[in-house]
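Participant: One structure coming up, written as structure tokens, with questions to follow.
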Amino acid sequence: MRSINASKPVFGSPFFSMFQMSECAMSKRTQKQEAKSRIEFLFCFCFCFLFSLNSMADASSSSSLTQPTPTPAADAAPLSRNALKRQRKEEAWLAGAEERKKMRKEKKKERKEKDREKETNTGRPPKIDKDRPTSSVRIVIDCDFEQPENKMNPAEVKSMAKQLNRSYAQNRRAMIPAQLSFCGLGPELKDSMDKSQKDWKQWKVEISEKNLLDAIPDKDNIVYLTADSPTILEDLEDTKAYIIGGIVDRNRYKNLCFKRAEAAGLKTAQLPIGEYIQMASRKVLTVNQVVEIMVKYLETKDWQASFLHVIPQRKINPKDNKKVDGDNDEDEGGEGEDGGNNDVNKVGDKDNVNESAESKEGVNDNLDEGENGLDEGKR
């Protein structure tokens with residue numbers, strides 16, 4: 001007969017089911033207590049951790065406020081000789097900061113004064129006054145010499161582009177600027193202008209590709225300036241347009257501008273150079289020199305002073321002409337050596353030979369810069 005354990009109720013008996021229910025209830029109660037105790041432990045741990053962090057931060061901040069600046073210990077090891085040198089240099093550098101600042105200001109002031117002296121000594125023009133008066137005299141540079149074939153070689157076209165650049169600059173700096181304009185610009189001249197002065201299309205001048213008669217249809221008010229004209233120009237009239245032949249030809253084409261003006265039925269005239277000064281030799285005035293003479297005349301109303309201001313002193317006979325106010329620097333007519341327009345005013349023999357030689361050697365690309373460099377070297 002199988003023995004029955006008295007401690008446990010028999011399976012299937014009512015006592016067994018009651019025992020199971022009580023045992024499940026006890027296990028659930030213990031699980032809840034364990035979970036509750038774990039949550040309480042974690043909460044206490046987090047609280048203690050945060051409290052310790054806060055106390056440590058307060059302690060560090062209070063110590064940083066109350067702690068005095070550290071001083072080198074009396075028994076610290078002595079610095080080496082090199083370290084002492086570096087320390088003294090740093091101290092001297094920091095001590096001289098204010099003095100160096102004053103010295104920089106003084107040097108800057110001295111530099112500005114030297115720049116002002118250079119501007120006055122070199123004759124650099126003053127700043128442009130936007131409110132200065134302007135003249136109604138028109139100066140037109142006729143550049144229509146590329147059709148039917150270009151009468152200038154590439155070096156001469158490059159020189160002509162530089163003369164136009166300088167003509168614009170001289171008129172822009174003048175005390176009384178004239179109404180400057182260009183007409184008849186061909187493709188080769190425009191390409192050269194693009195290379196030498198990229199912003200030339202933004203110049204405050206009238207630039208036209210049309211020929212002279214299309215650009216200025218009023219023939220009665222046109223005066224073509226050429227040295228072959230029998231008429232001497234006495235004054236610049238406000239209603240007239242004075243034409244300058246924009247060509248560098250080394251005197252290859254005789255009477256070119258005069259014949260062009262006669263064929264178009266235009267009036268001609270030449271500058272009164274021979275009536276006011278005596279030239280040392282036969283010379284050639286460039287386009288920019290003629291423009292500068294004319295704008296100088298608008299300012300002074302004196303042909304002689306205008307000629308002496310622009311034409312280099314070496315090209316004037318010293319016996320019959322006196323230098324006026326030292327204005328005749330060689331750089332003023334630097335491009336005269338470049339061989340200008342033979343139809344504006346011809347005044348030179350020896351220089352013409354030199355110009356031809358220079359053109360063959362190809363050393364006359366930058367006339368203005370070359371002449372200015374020569375003048376600075378002499379100084």
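The values are calculated or read from the model by the stated rules, or taken from the named source; none is laboratory data. Just so it is clear, the structure is predicted and the values come from calculations on it, not from any experiment. Ideal geometry is used to build each Cβ from the backbone, glycine not excepted, and the neighbour counts take in all protein chains shown. Protein only, heavy atoms only, side chains kept; ligands, DNA and RNA dropped before computing areas. Shrake-Rupley method; radii C 1.70, N 1.55, O 1.52, S 1.80 Å.
Participant: Could you give each residue of region 198-207 its phi-based ³J(HN,Hα) in whole Hz, using Karplus coefficients 6.51, -1.76, 1.60 with θ = phi - 60°, and x for Gly or Pro?
Facilitator: Each residue's phi maps through the Karplus curve to give 5, 9, 5, 6, 9, 4, 8, 9, 7, 10 Hz.
Participant: Starting from the amide H of Tyr224, placed 1.01 Å from N in the peptide plane, find each other amide H under 5 Å away whose residue is 5 or more places distant or on another chain.
Facilitator: Ile243, Lys267, Thr268, Ala269
Participant: What figure in square angstrom, to the nearest 10, would you give for the accessible area of Phe182 with a 1.4 Å probe?
Facilitator: 0
Participant: Might you tell me the accessible area per residue for region 74-119, computed with a 1.4 Å probe and given in Å²? The partial results should precede the final answer.
Facilitator: Numbers: 4830 Å² over 46 residues.
I get 105 Å² per residue for this part.
Participant: Please give the solvent-accessible surface of Thr231 in Å², to the nearest 10, using a probe radius of 1.4 Å with every protein chain present.
Facilitator: Rounded to the nearest 10, the figure is 70 Å².
Participant: For the residue pair Lys112 and Arg132, what label-to-label distance in nm results when each label sits 7 Å from Cα along the Cα-to-beta-carbon direction?
Facilitator: So the two model labels end up 2.4 nm from each other.
Participant: Leaving ligands, DNA and RNA out of it, report the carbon-plus-sulfur percent of the accessible area of region 239-315 at a 1.4 Å probe. Numbers along the way, then the final one.
Facilitator: Working: 1260 of 2580 Å².
For region 239-315, the apolar C and S fraction of the accessible surface comes to 49 percent.
Participant: Hey, with R₀ at 35 Å, roughly what FRET efficiency would Glu90 and Ala57 work out to, going by the Cβ-Cβ distance, to 0.05? Intermediate results must be reported in sequence, preceding the final value.
Facilitator: Working: r = 36 Å, r/R0 = 1.02.
Once rounded, the FRET efficiency stands at 0.45.
Participant: Give the value in nm², to one decimal: projected area of the alpha carbon convex hull of region 171-318, averaged over all directions. Show your work: numbers first, answer last.
Facilitator: Details: hull surface 38.5 nm².
Seen from a random direction, the Cα hull of region 171-318 projects 9.6 nm² on average.
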